[in-house]
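Take a look at the structure set out below.
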Amino acid sequence: MTSSAPSPEPQEAPKPNTAAVPALSIDGVSHSYGQRRALIDVSFNVQPASFTALLGLNGAGKSTLFSLITRLFGIQSGRVGIFGHDISKSPGEALRLLGVVFQPRTLDLDLSLTQNLLYHAALHGISRSEAAARSAELLGRIGLADRAGSKVRDLSGGQMRRLEIARALLHRPRLLLLDEPTVGLDVKARADIISQVRQLVTEQGIGVLWATHLFDEIMPSDDLVVLHQGKVLAQGPMNRVVTATGAQDVNTAFMRLTGAQTLPGGGA
Amino acid sequence: MSSITTRDAPRGFSAQQYLTCLTGIVWREGLRFLHQRERFVSALVRPLVWLFIFAAGFRQVLGISIIPPYETYILYEVYIAPGLMAMIQLFNGMQSSLSMVYDREMGNMRTLLVSPLPRGFLLFCKLLAGTAVSLLQVYAFLLIAWFWDITPPSSGYLTVLPALILSGLMLGSLGMLISSGIKQLENFAGVMNFVIFPMFFASSALYPLWRVQEGSPYLYYLCEANPFTHAVELIRFALYGQINWISLAVVAACTIVFMIGAILAYDPSRGLARRGPAGGEG
């Protein structure tokens, strides 16, 4: 069921217990909406403590893939595993290890920052006192402690995203999915969020799957999965994928792989 | 904040965690409701229009004999109050269930459904939260109605509560079942015409069924078979401290059937897939 492209290798020395089990394994996953095939035999892994960029244009199937990983849609064929837990067979065990930031904003705008976090904690069965402590700590870390009681509506776009990332970390997941989290943000806010997430990888060993269509968000040391029209065209460490296409940069590599004529917006 | 834990997280969830989840969902729904004043006002205006205008005009036309649970002659306003309470729940159930399946609440449903607790339980919590909101609306209506001389015994305000919870769950899960089952349900107007109005008018909400029977036996049977009739009667009797056992049985059975059906039929991909490429959010 694995595709022909080389599997990504672990970037860093893996933690003892997690060496054998990928944070996320996608194995031969296909999905159709009626006649339209959104994903075709997609396979790749995300290792713990690694940053994997899922690169694809709008409509490549990224959001469908995210909906499958988060159990929102039923799996039609193939298998999705989170630290070895099959999302179809034991969704509870899989989902408690998973944090997600969806592309559309999913905060309650009229509720306060803390209320949003407490709600999420409750969904994971975290007791009120524990949830309050974790919320305060996370708000401090993203620099919004003084805004804890404000309505989310009053935050900037970048602040909302940081809050969503904090929320996704509230139940201490070991795998974090982010679906185009920087869309619509200014340069400064984008940089803040990218560095915040990269810190999670290096400092806490969280495995990250970062869906994007913006080339400049990917670094040479990242793992890269190129998704185009529902198929994985290439995967592996970014510099190896780029070299394999004979290109100088990820931008050109992507164009050669997909045959795209024009660059997607915001590549600069 | 922890680094990677070296052991697997414990399996399964404790009863305490289920309860935390349930209260969290109801708490959030309550908070949101308090922020949506327009929704609250429109939910109140609808039954009040019926009470202040329709009932006032109609009371000369329709005489009500003494029927259980009433022990004296009653004004028409008093008769239709339980029907209007059920109507509040009917609208609320349809509205919140539709938004669960279709676009408006999709983002919120996503955050709900990535909870590791079983999906059926999450949907049940969501229905219960919707019911809790309908309770706030109903009690606000009862408060205003009290000034309009609709004064059930004070203990009735308490005894009606379990009836309202059950009927709220029934109507909420019915809404969810309908919205999952019908593909081309484009807007709320369609539900009004095909679900809410027929259910409301072919019931005992506005007229006692013995009067319906005089007019048309077939309509009478239809009304008797309408679960909404039994929701109304359950509420009507409970408001006067009595239990209508047949209605209780019907409402309880319908609640179970609708809820199981709704949970089985719930498919979040429906709301997203309709929006075209890349599952909606591209």
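Coordinate-derived values only; no laboratory data. The structure presented is a predicted model; accordingly, all values stated were derived computationally and were not measured. All Cβ positions, glycine included, derive from the backbone under ideal geometry; neighbour counts span all protein chains shown.
Report, for the range A:151-238, the % of DSSP beta bridges that are antiparallel, rounded to 5.
Roughly 55 percent of the DSSP beta bridges within the range A:151-238 come out antiparallel.
With point charges of +1 on the Cβ of Lys and Arg and -1 on the Cβ of Asp and Glu, referenced to the Cα centre of the range A:107-172, which listed residue (A:His171, A:Ala122, A:Ser112) lies farthest in the positive direction of the dipole?
A:His171
Indicate the gyration tensor shape class of the range B:34-268 (rounded, prolate or oblate), computed on the Cα atoms with a ≥ b ≥ c the square roots of the eigenvalues: a/c under 1.5 is rounded; otherwise a/b larger than b/c is prolate and the rest oblate.
In terms of gyration-tensor shape, prolate.
With a sphere of radius 11 Å drawn around the Cβ of A:Trp210, what net charge do the other residues whose Cβ falls strictly inside it have (Lys, Arg +1; Asp, Glu -1)?
Net of charged neighbours comes to -3.
If the cut-off is 17 Å between C-alpha atoms, which aspartates and glutamates fall inside it for A:Lys62, apart from same-chain ones fewer than 8 positions away?
Within the straight-line cut-off, A:Lys62 pairs with A:Asp27, A:Asp41, A:Asp179, A:Glu180, A:Glu217, A:Asp223, B:Glu281.
About its Cα centre, how strong a charge dipole does the range B:119-267 have in debye, to the nearest 20, once Lys and Arg get +1 and Asp and Glu get -1 at the Cβ?
Approximately 260 debye in magnitude.
Projected onto the charge dipole of chain B (+1 at Lys/Arg Cβ, -1 at Asp/Glu Cβ, origin at the Cα centre), which of B:Leu239, B:Phe121, B:Tyr221 gives the Cα projection farthest towards the positive end?
Looking along the dipole axis, the top candidate is B:Phe121.
Can you give me the long-range amide H partners of A:Leu176? Hydrogens built in the peptide plane at 1.01 Å from N, cutoff under 5 Å, separation of 5 or more residues or another chain.
A:Gly99, A:Gly207, A:Val208, A:Leu209
Nearest 10 degrees, 0 to 90: what angle lies between the long axis of helix A:128-141 and the longest principal axis of chain A (Cα atoms)?
With rounding to tens, the tilt is 70 degrees.
Among A:Phe73, A:Phe254, A:Phe51, which one shows the biggest mean-square fluctuation in a GNM of chain A, springs joining Cα atoms closer than 10 Å?
A:Phe73
Which ³J(HN,Hα) values in Hz, rounded to whole numbers, follow from the phi angles of the range B:155-171 under the Karplus curve 6.51 cos²θ - 1.76 cosθ + 1.60, where θ = phi - 60° and Gly and Pro get x?
Running phi through 6.51 cos²θ - 1.76 cosθ + 1.60 with θ = phi - 60° gives 5, x, 4, 8, 5, 7, 4, x, 5, 5, 4, 5, 5, x, 5, 4, 6 Hz.
What does the C-alpha gyration tensor say about the overall shape of chain A? Classify as rounded when a/c is under 1.5, otherwise prolate if a/b is larger than b/c, or oblate.
Since a/c reaches 1.5 and a/b is larger than b/c, the shape of chain A is classed as prolate.
Which of the three applies to the range B:115-165, rounded, prolate or oblate, going by the alpha-carbon gyration tensor with a ≥ b ≥ c and a/c under 1.5 meaning rounded?
prolate
Once amide H atoms are built 1.01 Å from N in the peptide plane, which residues 5 or more positions from A:Val183, or in another chain, come under 5 Å H to H?
none
So for each of A:199-210, B:254-265, B:38-49 I average, over its residues, the number of other beta carbons within 10 Å; can you give me the resulting order with the highest mean first?
A:199-210, B:254-265, B:38-49
What do you get for the angle between helix B:76-101 and the principal long axis of chain B? Use alpha-carbon atoms, 0 to 90 degrees, nearest ten.
20 degrees
Please check chain A for the longest run free of trypsin sites (Lys or Arg not before Pro) that are loop-located per DSSP (anything but H, G, I, E, B) and have at most 16 other Cβ atoms within 10 Å.
Counting only loop sites that pass the neighbour cut-off, the longest clear stretch is A:106-268.
For the range A:59-215, what is the percent of antiparallel DSSP beta bridges, rounded to the nearest 5?
25 percent
Averaged across orientations, what area in nm² does the convex hull of the alpha carbons in the protein assembly as shown project?
27.5 nm²
If you rank B:Ile53, A:Ile82, B:Ile196, B:Ile165 by fewest surrounding Cβ atoms within 10 Å, what's the result?
Ranking B:Ile53, A:Ile82, B:Ile196, B:Ile165 by Cβ neighbours within 10 Å, fewest first, gives B:Ile53, B:Ile165, B:Ile196, A:Ile82.
What is the average number of partner chain Cβ atoms found within 10 Å of a Cβ in A:105-116?
3
Separation of the range A:29-104 and the range A:142-208 by C-alpha centroid, Å?
Spelled out, the Cα-based centre of one part sits 21 Å from the other.
Which net charge results for the neighbourhood of B:Ala55, defined as the other residues with beta-carbon distances under 14 angstrom from its beta-carbon, given Lys and Arg at +1 and Asp and Glu at -1? Mind showing how you got there, number by number?
Working: positive: B:Arg46, B:Arg59; negative: B:Glu77, B:Asp149.
Neighbour charge sum, excluding B:Ala55 itself: 0.
Where does the charge balance sit around B:Val250 when Lys and Arg score +1, Asp and Glu -1, over other residues with C-beta under 12 Å from its C-beta?
Neighbourhood net charge equals -2.
To test your reading of the geometry: what angle, between 0 and 90 degrees and rounded to tens, separates the Cα axis of helix B:245-265 from the longest principal axis of chain B?
Between the helix axis and the principal axis of chain B, the angle is about 30 degrees.
5 Å is the cut-off here: which amide hydrogens, built 1.01 Å from N in the peptide plane, fall below it relative to A:Gln103, excluding neighbours closer than 5 in sequence?
HN-HN under 5 Å from A:Gln103: A:Asp179.
Take the residue pairs A:Lys151/B:Lys126; A:Lys231/B:Lys126; A:Lys188/B:Lys126 and return only those whose Cα atoms are more than 29 Å apart.
Check vs 29 Å cut-off fails for A:Lys231/B:Lys126; A:Lys188/B:Lys126.
Please rank B:Cys223, B:Cys125, fewest neighbouring Cβ atoms within 10 Å first, as an exposure proxy.
B:Cys223, B:Cys125
Mind checking the dipole of the protein assembly as shown: about its Cα centre, +1 per Lys or Arg Cβ, -1 per Asp or Glu Cβ, Debye to the nearest 20?
300 debye
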